[in-house]
Amino acid sequence: MLNRYPLWKYLLVLIVVLGGALYASPNLYAPDPALQITGESSGTTIDEAVLARATNALDEASIEYFGQTIAEDNRNALIRLREQDAQLRAQAVVSRALGDGFIIALNLAETTPDWLTQLGGQPMKLGLDLSGGVHFKLEVDVDAAVARRMEYYLNATKRAMREERIRGFVGMDGERTVVGRFRSKDLREQARAQISEAFPELLLDRVDAEDQWTIRASMTDTTVDEIIDYSVSQNLTTLRNRVNELGVSEPLVQRQGRNRIVVELPGIQDTAEAKRILGKVANLEFRLVAAPDAPASERQRFEYRSPDRAGITEFLERDVIITGERVSNAQASFDQNGQPNVQISLDSEGGSLMYRVTQKNIKRRMGVLFIERKNRTRYETNEAGEEVIVKVPYDEKKLLTAPTIQSALGAQFQITGLDSPLEASELALMLRAGALAAPITFVEERTVGPSLGAENIRLGVKSVQYGLALVVLFMVLYYRVFGLCAVIALTANLVLLVSFMSLIGATLTLPGIAGIVLTVGMAVDANVLIFSRIREELRNGLSPQMAIHSGFERAVATILDANITTLIVALILYAVGTGPVKGFAVTLSVGIVTSMFTAIMGTRALVNLIYGGRRVDRLAIGRDVTAGEAA
């Protein structure tokens, strides 16, 4: 019998549409403005005392809040606010109350019912231009990068002098010059040959005195520019890797100016975690523990990072074996005693350096130094008499562990002595994503709330509404019953589009809304092709039932050709585009798939329910209303 679907097809269409409605429904629940409290260190726990200090500060400031909760793992707490406009003020109040050591981030707390969340339902993420996300502007400490390179030159020169038994004094003269003083001209020339061969990029000058022959090795402006460019480029790559580890959709990480990097994380919920992961310098230095009789000028004292060894210090040699930049991979694991550790893999040069040093120092101890850039908060009064917050950056260097070298180490070994699996996991993530070539400082942090994107949302939604209204009006007035079927299918298409984007975690941006508007037009275009084909079959003298059947069957190939071509273009846009272009491509791609389903199967199912399996003398489809008139 013509124009009748088997029961399973009707059930398939119904299940898909109802499932789409279910997973699109979380977008109906507006999130609550909130503050999230997280420790700067992964070992910091948030307890009732910390939460009480925060809420007492909000009470004193007369800021209304509700629903304060502490996460099960005690890593963060969430305080929901009554008004979104109070978020920035509440953040400043709580930050001052808790002081350094805590990250107070603006957040949007989901209000999706638990039963829906347990089924996997999540609201669709919105981009920065719509309603949320976080914007960071980071400054690379290029002076520290240059100083670190000069320290490397100094230590390498000292090591070369010792190995070649060239006696003399080697030290720093200013910030960018290594100076060597020798008792004879021959010793200076030997040193010059060694430095020139090892570091051809340095500018070497001879300085003669009465009884002293001096050589000065300094960096040229070109070398300094190369170091700065490398540091910023390396940090840019590292930050991109860290953003990928965070699993953020459509992030923006780009260089700005000489030494700044802009990071935008649209749709992210845990802004505190993002700031901690991005801001971690998390570099390592491997140094030998200094001998007890080592001169004070050749050793440094460091305290252990572990709380259970607080106050215990070790003296390490100033010479660095390798840094975290030589780490090619890192994985958190457990040793045979069930204690957390990090499995380290070095690159070829790092493995060679590690083997060369440890082979000569078996039974000596080697310290693993953890370097972290932190900030001290200071409150100052500006010229206008207003109190302002000043962040003073500093480097905190603490020992992770100092085990005894049992045998020569190669490109693979493990770091033990960590406090918890969480610390091991975070350290592995930092090293795996790449060590920062130079410290970074947050010079600007902006969390974009819904109020800032309200105008974009309003205009975007209005454009969808206007486009949909015009389409509905035209379809119903011109195609009548068939137009009504197309409108119902179009509504189902929008529901499926929203639900699918929610399921895959896509971020909706303003260009994405443009993709939705385009999808509405394309979905109706498919129906127009089908209805035009039906009218053409009526003109050719077919009966209404045959015209419906033939119209759907013959239009499908044309619809598939047109949509697949557009889908290929959308995939190319996604592959080569960035940011907003990707957002448009994602929405367009999903919309093409859902529109083909609703136009071909959804509309056909509705038409079959209305006209299928019965005698039809009239078709309300444009000007061709009866088969007889069409003939």
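Any read-out appearing in this document is the output of simple, stated calculations on the displayed coordinates, not a laboratory observation. Source: prediction; values computed, not measured. Cβ: placed from backbone, ideal geometry, glycine included. Neighbour counts: every protein chain shown.
Miscellaneous remarks
- Karplus-based coupling profile of segment 178-192, in residue order and whole Hz: 9, 10, x, 10, 10, 7, 9, 5, 5, 4, 5, 5, 5, 5, 4, with θ = phi - 60° in 6.51 cos²θ - 1.76 cosθ + 1.60 and x standing for Gly or Pro.
- Pairs from Lys137/Lys275; Lys137/Lys462; Lys275/Lys391; Lys137/Lys397; Lys374/Lys397; Lys360/Lys397 whose Cα-Cα separation, in the structure shown, is over 22 Å: Lys137/Lys462; Lys137/Lys397; Lys360/Lys397
- The mean of 1/r over all pairs of different alpha-carbon atoms in segment 1-66, once inverted, gives a Kirkwood hydrodynamic radius of 17.3 Å.
- If the Kirkwood radius is taken over C-alpha pairs of segment 74-191, then at 10 °C and 1.306 mPa s the Stokes-Einstein diffusion coefficient equals 76 µm²/s.
- Point-charge dipole on Cβ atoms (K/R +1, D/E -1) for segment 499-631, about Cα centre, debye to 20: 180
- Each residue of segment 511-520 was assigned a 3J(HN,Hα) from its phi angle through the Karplus curve 6.51 cos²θ - 1.76 cosθ + 1.60 (θ = phi - 60°); the sequence is x, x, 5, 4, x, 5, 4, 5, 5, 4 Hz, with glycine and proline shown as x.
- Segment 143-223: relative contact order in percent, alpha carbon pairs under 8 Å with at least 6 residues between: 26
- Only Cα pairs under 8 Å and 6+ residues apart enter the sum, and on that basis the relative contact order of the chain stands at 17 percent.
- For Asn341, the residues whose modelled amide H falls within less than 5 Å of its own, excluding neighbours fewer than 5 places apart on the same chain, are Ser333, Phe334, Asp335.
- Tilt relative to the chain, helix 48-60 - C-alpha long axis, 0 to 90 degrees, to 10: 70
- Gyration tensor (alpha-carbon) shape descriptor, segment 32-109, a/c threshold 1.5: prolate
- Segment 300-369 shape via C-alpha gyration tensor axes, a/c threshold 1.5: oblate
- Helix 348-360 vs. the chain, principal-axis angle (Cα, 0 to 90°, nearest 10): 30
- In loop segments of segment 146-221 as defined by DSSP, the GluC sites (Glu not before Pro) with at most 15 further C-beta atoms inside 10 Å of their C-beta are Glu164, Glu175, Glu201, Glu210.
- For segment 169-211: span of alpha carbons on each principal axis (Å, largest first): 28, 23, 15
- Spatially proximal aspartates and glutamates relative to Lys9 (Cα-Cα < 19 Å; intrachain offsets below 8 disregarded): Glu553
- Between the C-alpha center of segment 142-171 and that of segment 509-547 there is a gap of 75 Å.
- Restriction of the GluC sites (Glu not before Pro) in segment 379-413 to DSSP coil positions whose beta-carbon has at most 16 other beta-carbons within 10 angstrom yields Glu383, Glu386.
- Under 5 Å, built H, 5+ apart or other chain: amide partners of Leu399: Glu303, Tyr304, Arg305, Phe370
- In this structure, Val392 and Leu28 have a Cβ-Cβ separation that, at R0 = 45 Å, corresponds to a calculated FRET efficiency of about 0.50.
- Simple Cβ-charge dipole of the chain, Lys/Arg +1 and Asp/Glu -1, about Cα centre, in debye nearest 20: 1540
- With Cα atoms, 0 to 90° folded angle of helix 7-24 axis to the chain main axis: 50
- Over segment 143-223: Kirkwood hydrodynamic radius from C-alpha pairwise inverse distances, Å: 12.6
- For segment 1-133, the equivalent ellipsoid derived from the Cα gyration tensor has semi-axes of 43, 15, 12 Å, listed largest first.
- Relative to the globular-protein estimate of 2.2 N^0.38 Å, the Cα radius of gyration of segment 283-435 stands at 1.21.
- Convex hull volume per residue, computed on the Cα atoms of the chain, equals 215 Å³.
- Shown in residue order for segment 412-417 are the 3J(HN,Hα) couplings computed by the Karplus curve 6.51 cos²θ - 1.76 cosθ + 1.60 at θ = phi - 60°: 9, 7, 9, 9, 10, x Hz (x for Gly and Pro).
- Directionally averaged projected area (convex hull, Cα atoms, segment 500-543), nm²: 4.2
- Volume of the convex hull of segment 456-587 (Cα atoms only), normalised per residue: 102 Å³.
- For segment 87-194, the list of trypsin sites (Lys or Arg not before Pro) that fall in a loop by DSSP and count at most 12 other C-beta atoms within 10 angstrom reads Arg165, Arg167.
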